[in-house]
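Okay, so here's the structure we're looking at.
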Number of protein chains: 2
Amino acid sequence: MFDVIAFDADDTLWHNESIFTMTQNKFREMLSSHGPEVVEQTLSSTQIKNLKHFGYGVKGFILSMIETSIELTNGDVSGNEIQQILDFGREMLAAPIELLPHVREVVEELSQNYHLWLITKGDLIDQETKIARSGLADYFSNVEIVSDKTIVTYTKILTQHRIEPVRFIMIGNSMRSDIVPLVQIGAHAVHIPYSSTWEHEQDHPHVDSDHYSELQHIGLLPNLILEKG
Amino acid sequence: MFDVIAFDADDTLWHNESIFTMTQNKFREMLSSHGPEVVEQTLSSTQIKNLKHFGYGVKGFILSMIETSIELTNGDVSGNEIQQILDFGREMLAAPIELLPHVREVVEELSQNYHLWLITKGDLIDQETKIARSGLADYFSNVEIVSDKTIVTYTKILTQHRIEPVRFIMIGNSMRSDIVPLVQIGAHAVHIPYSSTWEHEQDHPHVDSDHYSELQHIGLLPNLILEKG
């Protein structure tokens with residue numbers, strides 16, 4: 001039934017948000033004299049303001065932390081503290097890729113009968129090095145790194161590869177990015193929630209369709225594919 | 001004779017290096033007590049060290065400037081100076097796209113008889129916003145934003161689109177990125193040098209092939225395509 005099974009990467013195949021959360025904790029601690037809530041709110045609004053210019057990814061996050069530290073200290077942040085923020089970033093970029101449970105077996109199993117794709121949103125070089133470090137690169141016949149996941153993005157990719165939406169299924173943790181646009185173009189989608197989800201991602205239109213399933217973890221995916229096929 | 005004419009973007013269709021040069025001048029001035037050569041050398045080696053992690057693009061350049069300013073001042077750089085560097089970056093990202101002479105006419109003319117592609121190396125969101133701001137987006141039937149331009153990159157793109165190398169021609173200002181790998185896979189390439197070229201780009205293998213031409217400016221391209229076709 002499916003020509004292609006496509007996966008989101010961050011927080012679908014491997015942990016990603018947890019690395020941002022860990023770094024945010026260190027950042028809050030560094031600026032602890034300003035109170036954790038103020039730090040968090042300022043960082044969050046700086047990030048949202050910068051999203052249009054910087055996109056998603058570690059480099060933009062580092063720049064937003066630097067800007068936040070300057071704003072909160074009225075310019076009194078020290079060079080050494082800025083250096084610490086740069087080091088936080090470098091640690092994020094070097095962090096080992098931790099696959100989520102069942103991912104390796106499921107990807108290996110499905111790759112025997114299907115074309116698997118990876119469609120991930122973010123910074124080009126961040127995502128490329130993560131895919132390389134994940135050890136999963138060889139299972140995917142196509143990798144698309146995009147700056148946003150909208151109906152336009154998915155339609156362009158499917159058209160370019162001459163894939164009919166109805167023969168395409170996308171697996172991901174974000175309703176807004178991985179599920180809603182796919183169902184809207186007539187493709188299938190499987191939502192596998194990650195334990196926590198970035199607040200910016202939580203708003204999404206209602207989805208009511210037999211093209212959409214929800215699973216508790218990715219280990220249940222092969223059975224679902226079998227049933228649908 | 002050609003199925004596709006592909007263009008590099010930065011310094012082939014529009015000015016780009018000049019924006020980096022202008023910013024570097026401001027940065028040198030900000031740190032003028034350290035001597036212009038020391039600033040330049042430190043920035044250059046920081047950039048090369050960071051290339052693997054940050055890739056090409058404005059965000060990585062800002063981070064390298066920040067790191068350089070900390071290193072040169074032994075951590076004594078002020079929050080306001082760091083803010084200035086962030087503002088340099090924001091100006092770069094907002095800078096208007098200045099097309100090179102003849103570009104608009106040539107792209108418009110060639111688009112009437114050929115599929116035009118854009119293949120550009122750099123940061124995903126930087127490049128996407130530049131293409132949008134250039135006003136040329138509609139002339140290109142395919143845009144590829146890649147982290148590096150190697151034989152592997154080009155082979156993957158051509159295979160995916162089922163284009164024979166011999167029916168593909170690439171136009172660009174960098175021997176290393178736009179010319180050499182193309183000639184090596186049997187495609188055609190036209191080198192149009194930009195007035196200055198980033199030092200990291202200047203080393204490249206010798207090219208000796210009738211698949212390769214050099215033009216003084218892009219206004220001469222339609223005639224060359226006509227002759228070859």
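When you look at A:Y56, is it in contact with a strand residue (DSSP E or B) (Cβ under 7 Å, 6 or more places away or on another chain), away from chain B (no Cβ under 11 Å) and of a type in the set (S, T, Y), yes or no?
no
Go through region A:69-80 and give me each residue that's farther than 20 Å from A:S44 by Cβ and in contact with a Ser or Thr (Cβ under 9 Å, 6 or more places away or on another chain).
Of region A:69-80, the ones farther than 20 Å from A:S44 by Cβ are A:75-76, A:78-80.
Result: A:G75, A:D76, A:S78, A:G79.
Which one is farthest from A:I70 (Cα to Cα) among residues in region B:59-91 that are of a type in the set (V, I, T) and at the interface with chain A (Cβ under 7 Å from one of its Cβ atoms)?
The qualifying residue farthest from A:I70 (Cα to Cα) is B:T73.
Can you pull out the residues in region B:71-101 that are open to solvent by 30 Å² or more (accessible area, probe 1.4 Å) and among the β-branched types (V, I, T)?
Within region B:71-101, just B:I97 meets the criteria.
Tell me, please, whether a residue that is modelled with pLDDT of 95 or more and among the acidic types (D, E) can be found in region B:112-129.
Checked against the condition, which is being modelled with pLDDT of 95 or more and among the acidic types (D, E), region B:112-129 yields no hits at all.
A:R104 - would you say it is at pLDDT below 95, surrounded by fewer than 17 Cβ atoms within 10 Å (Cβ to Cβ) and in the same structural domain as A:I192 (by TED's automatic domain parsing)?
So A:R104 fails the test.
Would you be able to tell me the number of residues in region A:110-165 that are open to solvent by 40 Å² or more (accessible area, probe 1.4 Å) and either closer than 25 Å to A:L51 by Cα or touching a Leu at 6+ places or on another chain (Cβ under 7 Å) (or both)?
The number of residues fulfilling the criteria is 12.
Could you figure out which of (1) within 30 Å of B:K52 (Cβ to Cβ); (2) not in a loop (DSSP other than H, G, I, E, B) isn't true of A:I171?
(1)
With the structure loaded, tell me whether A:G55 is within 16 Å of the chain's Cα centre (by Cα) and not assigned by TED's automatic domain parsing to the domain that holds A:V107 or whether it fails that test.
Spelling it out, A:G55 is indeed within 16 Å of the chain's Cα centre (by Cα) and not assigned by TED's automatic domain parsing to the domain that holds A:V107.
Please go through region A:139-176 and pick out each residue that is within 25 Å of B:D126 (Cβ to Cβ), modelled with pLDDT under 95 and more than 14 Å from chain B (Cβ to nearest Cβ).
Listed by number, the residues that qualify are A:S174, A:R176.
List the number of the failed condition for B:M65; all other conditions in (1) touching a Gly at 6+ places or on another chain (Cβ under 7 Å); (2) part of a helix (DSSP H, G or I) hold.
(1)
(1) out of contact with any helix residue (DSSP H, G or I) (no Cβ under 6 Å at 6 or more places or on another chain); (2) at pLDDT 95 or above; (3) closer than 20 Å to B:E67 by Cα: which one isn't true of A:L99, the others all being true?
(3)
Just wondering, is there one or more residues in region A:19-41 that are in a helix (DSSP H, G or I), β-branched (V, I, T) and within 11 Å of another protein chain (Cβ to nearest Cβ)?
No.
Inside region A:92-117, can you point out the residues that are within 14 Å of chain B (Cβ to nearest Cβ) and either assigned to a strand (DSSP E or B) or without any contact (Cβ under 8 Å) to a residue 12 or more places away in the chain (or both)?
The answer is A:A94, A:H115, A:W117.
Taking into account only those residues within region A:1-25 that are farther than 30 Å from A:I163 by Cβ and out of contact with any Phe, Trp or Tyr (no Cβ under 6 Å at 6 or more places or on another chain), which is surrounded by the most Cβ atoms within 10 Å (Cβ to Cβ)? Give the steps one after another, and end with the answer.
Initial filter on region A:1-25 (farther than 30 Å from A:I163 by Cβ): A:18-25.
Remaining after also requiring out of contact with any Phe, Trp or Tyr (no Cβ under 6 Å at 6 or more places or on another chain): A:18-22, A:24-25.
Working: A:S18: 15, A:I19: 20, A:F20: 14, A:T21: 12, A:M22: 14, A:Q24: 18, A:N25: 11.
Among those that are farther than 30 Å from A:I163 by Cβ and out of contact with any Phe, Trp or Tyr (no Cβ under 6 Å at 6 or more places or on another chain), it is A:I19.
Among (1) surrounded by 21 or more Cβ atoms within 10 Å (Cβ to Cβ); (2) modelled with pLDDT of 95 or more, there is one condition A:G55 misses while meeting the rest; what is its number?
Among (1) surrounded by 21 or more Cβ atoms within 10 Å (Cβ to Cβ); (2) modelled with pLDDT of 95 or more, the lone unmet condition for A:G55 is (2).
The values are calculated or read from the model by the stated rules, or taken from the named source; none is laboratory data. Quick caveat, the model's predicted, so the values are computed rather than measured. Cβ coordinates were reconstructed from backbone atoms using ideal geometry, including for glycine residues, and neighbour counts include every protein chain displayed. What goes into the accessible areas is simple: the full protein's heavy atoms, side chains included, and nothing from ligands, DNA or RNA. Shrake-Rupley method; radii C 1.70, N 1.55, O 1.52, S 1.80 Å.
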